[in-house]
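Asks: The structure is given below, and queries will be raised subsequently.
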Amino acid sequence: MNTDARHARRTRLRQLTTLGLGGLLALGLSAHAHDGAAAAAAEAQASTSTGTTHTEIDGRQAAMRQSFVAVADAFSDALKTGDLERVGDFLAEDVLILESGGSERTREAYLRGHAGHDAAFLKEAQVRLLHRTVRTSEHMVWIGSEREIHATGDGGPMALLSSETLVLGDTPKGWKIVHIHWSSRPLKAGEGNR
């Protein structure tokens, strides 16, 4: 993708995010209005100030969130398949990765170190998404994912509950993952298939 196309895409995302936040703020005002006239005024202000309806705002916000979820899923898929070059494409140069009390503070440190171990662990693992939360702002997005993982490690089968937070930032090189936090714990009896 050339520089002009990236700039245009980034500008569109910023516009959508700003538009979405303005609409959400207006919706918040209408939700707290005490009478129908105040609610109608707040909704009219939202439509006038953005030039769009709440349905359009909601649709754009949902589409934007889905595009970031697609990035998170593509990153996870690249890691699971061991495509570390592609993994690196998603990461900011100065990404901060925290896991099990350890840290990598750059993309290169992660790719040279722990990424290979993560890919090897995930290669044969069965991973099921349990829950996902996405929050957006103008220059940052965070995605929280909870997963159930069944894998083999430390000499035998294991079942884990895993939590992941990905923070994407609008960098000079486009939207990149700027922070990852992974944590996991053994699955307790009766806790599976939530």
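Asks: Report the local net charge at residue 107: Lys and Arg +1, Asp and Glu -1, summed over other residues whose C-beta lies under 13 Å from its C-beta. Write down the numbers at each step before the final one.
Replies: Details: positive: 86, 105, 112, 173, 176; negative: 85, 89, 93, 94, 104, 108.
Summing Lys/Arg as +1 and Asp/Glu as -1 gives -1.
Asks: Still on this structure, I have one more. Ordered by packing density, taken as the mean number of other Cβ atoms within 10 Å over each peptide's residues, highest first, how do 93-105, 76-88 rank? Mind showing how you got there, number by number?
Replies: Numbers: 93-105: 14.2, 76-88: 15.9.
My ranking of the peptides, most packed first, is 76-88, 93-105.
Asks: In addition: For residue 179, what residues show an amide H to amide H distance below 5 Å, using hydrogens built from the backbone and excluding near sequence neighbours?
Replies: Here 96, 167 satisfy the definition.
Asks: Could you go through the stretch 102-111 in sequence order and give the Karplus-derived ³J(HN,Hα) for each residue, using 6.51 cos²θ - 1.76 cosθ + 1.60 with θ = phi - 60°, rounded to whole Hz, and x for Gly and Pro?
Replies: Karplus-based 3J(HN,Hα) across the stretch 102-111 equals x, 8, 10, 10, 8, 4, 5, 4, 5, 5 Hz.
Asks: How many percent of the accessible area of the stretch 149-194 is carbon or sulfur, using a 1.4 Å probe?
Replies: Accessible surface attributable to carbon and sulfur in the stretch 149-194 totals 54 percent.
Asks: In Å and whole numbers, how far do the C-alpha atoms of the stretch 144-190 stretch along each principal axis, longest first?
Replies: Result for the stretch 144-190: principal-axis Cα extents of 45, 22, 11 Å.
Asks: Now a separate question. Please label the shape of the stretch 93-142 as rounded, prolate or oblate, based on the square roots a ≥ b ≥ c of the eigenvalues of the alpha-carbon gyration tensor (a/c under 1.5 means rounded; beyond that, a/b larger than b/c means prolate, else oblate).
Replies: Details: a/c = 2.37, a/b = 1.12, b/c = 2.11.
Because a/c hits 1.5 or more and a/b fails to exceed b/c, the stretch 93-142 counts as oblate.
Asks: Straight-line reach from residue 176: which lysines have a Cα under 29 Å away, not including same-chain ones fewer than 8 places off?
Replies: Qualifying lysines at Cα under 29 Å: 80, 123.
Asks: If you average 1/r across every pair of different Cα atoms in the stretch 80-194 and take the reciprocal, what Kirkwood value do you get, in Å?
Replies: Numbers: mean 1/r = 0.0662 Å⁻¹.
So the Kirkwood estimate lands at 15.1 Å.
Asks: Taking amide hydrogens as modeled 1.01 Å from N in the peptide plane, which residues meet the under 5 Å criterion relative to residue 187, leaving out close sequence neighbours?
Replies: 159, 160, 161
Asks: Normalised by the number of residues in the stretch 119-164, what is the relative contact order in percent for Cα pairs under 8 Å and 6+ residues apart? Don't skip to the answer; put the middle values down first.
Replies: On the way: 74 pairs, mean separation 16.0, N = 46.
Dividing the mean separation by the residue count of the stretch 119-164 yields 35 percent.
Asks: At 1.4 Å probe radius, can you tell me the per residue accessible area of the stretch 85-139 in Å²? Write out the running numbers ahead of the final one.
Replies: On the way: 3390 Å² over 55 residues.
Accessible area per residue, the stretch 85-139: 62 Å².
The values are calculated or read from the model by the stated rules, or taken from the named source; none is laboratory data. Every value quoted in this text rests on a predicted model; they were computed, and no experiment measured them. Positions of Cβ are generated from backbone atoms using ideal geometry, with glycine treated the same way; all protein chains shown enter the neighbour counts. All accessible areas refer to the heavy atoms of the entire protein, side chains included, with ligands and DNA or RNA removed. Shrake-Rupley method; radii C 1.70, N 1.55, O 1.52, S 1.80 Å.
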